[in-house]
Amino acid sequence: KAGVTQTPRYLIKTRGQQVTLSCSPISGHRSVSWYQQTPGQGLQFLFEYFSETQRNKGNFPGRFSGRQFSNSRSEMNVSTLELGDSALYLCASSLAGGVGELFFGEGSRLTVL
Amino acid sequence: DQQVKQNSPSLSVQEGRISILNCDYTNSMFDYFLWYKKYPAEGPTFLISISSIKDKNEDGRFTVFLNKSAKHLSLHIVPSQPGDSAVYFCAASPFGDEKLTFGTGTRLTIIP
């Protein structure tokens, strides 16, 4: 059974640009969550989607957005990139969200110059 | 405001001995707790969880203890093995919530 797949794995952008990251969940999983990992901050929750609906959102500015498609694949977008957006962005999927185990992808490492 | 705290950024333990990783939380709404393990260049993988109705949960070499009155949980690994060297994250959520709040992680190094 294929795991959670994130693309691209690495990318470099400059300040002011925008970026789109993609996540394909485990087959059959309908919930997709996104987390940002930075040194010293641990993993911080961005948002969670279930059946194309955003059910929960973390404390991030509106520059961070996401969506989920009918096949449960998800994308997140960051507009007007800032240096502080440099981080590892992790996607996780689960069968239905809520209490339970999350399966994480390997992450997309974004560097903003 | 860090609602889940892992105050030890790193820990070194001799192979075969017990590793104890600690986690404190401040939000009394949290009632489900998980531990994740992360190797470099990989995503976190689920290790073990515990709900607030229990004070202990075991899975092989891994045991999680929950002290609700102290808002403290710990992960015990015994015996520790070299493959246990990784970063361990504690996470918590209110029941039924899709959002996990993670600690900043503890890097465990097992010395052969």
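The values are calculated or read from the model by the stated rules, or taken from the named source; none is laboratory data. Keep in mind that this is a model prediction, so the values were computed, not measured. With ideal geometry, Cβ positions are generated from the backbone for all residues, glycine too; neighbour counts draw on all protein chains shown. Side chains included, ligands, DNA and RNA excluded: accessible areas come from the protein's heavy atoms. Shrake-Rupley method; radii C 1.70, N 1.55, O 1.52, S 1.80 Å.
Structure notes:
- Segments classed as strands (runs of 3 or more DSSP E), wholly inside the range B:31-112, with at least 3 members that are under 14 Å from the mean Cα position of the chain (by Cα) and within 14 Å of chain A (Cβ to nearest Cβ): B:32-38, B:45-51, B:86-93
- Restricting the first member to the range A:73-87 and to residues that are closer than 17 Å to A:THR7 by Cα, and the second to residues that are among the small types (Gly, Ala, Ser), the beta-carbon pairs closer than 6 Å and six or more apart or on different chains are A:ARG73/A:SER24; A:GLU75/A:SER22; A:MET76/A:GLY66; A:ASN77/A:SER65.
- Subset of the range A:1-37 (residues that are within 10 Å of the chain's Cα centre (by Cα) and either away from chain B (no Cβ under 12 Å) or farther than 21 Å from A:GLU101 by Cα (or both)): A:THR20, A:LEU21, A:SER22
- Restricting attention to the range A:23-33 and to residues that are touching a strand residue (DSSP E or B) at 6+ places or on another chain (Cβ under 8 Å) and over 30 Å from B:ASN7 (Cβ atoms), the residue that is surrounded by the fewest Cβ atoms within 10 Å (Cβ to Cβ) turns out to be A:ARG30.
- Filter result for A:GLY84 (more than 13 Å from every other protein chain (Cβ to nearest Cβ) and not β-branched (Val, Ile, Thr)): yes
- Test result for A:THR14, surrounded by fewer than 16 Cβ atoms within 10 Å (Cβ to Cβ), polar (S, T, N, Q) and under 23 Å from B:PRO40 (Cβ atoms): no
- Condition check for B:VAL13: within 13 Å of B:GLY105 (Cβ to Cβ), surrounded by 14 or more Cβ atoms within 10 Å (Cβ to Cβ) and of a type in the set (A, V, I, L, M): no
Here's the yes/no breakdown for (1) modelled with pLDDT of 95 or more; (2) open to solvent by less than 40 Å² (accessible area, probe 1.4 Å); (3) of a type in the set (Val, Ile, Thr); (4) within 13 Å of A:PHE104 (Cα to Cα):
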site	(1), (2), (3), (4)
A:THR5	yes, no, yes, yes
A:TYR10	yes, no, no, no
A:GLN18	yes, no, no, no
A:LEU21	yes, yes, no, no
A:TYR35	yes, yes, no, yes
A:THR38	no, yes, yes, no
A:GLN41	no, no, no, no
A:GLN44	no, no, no, no
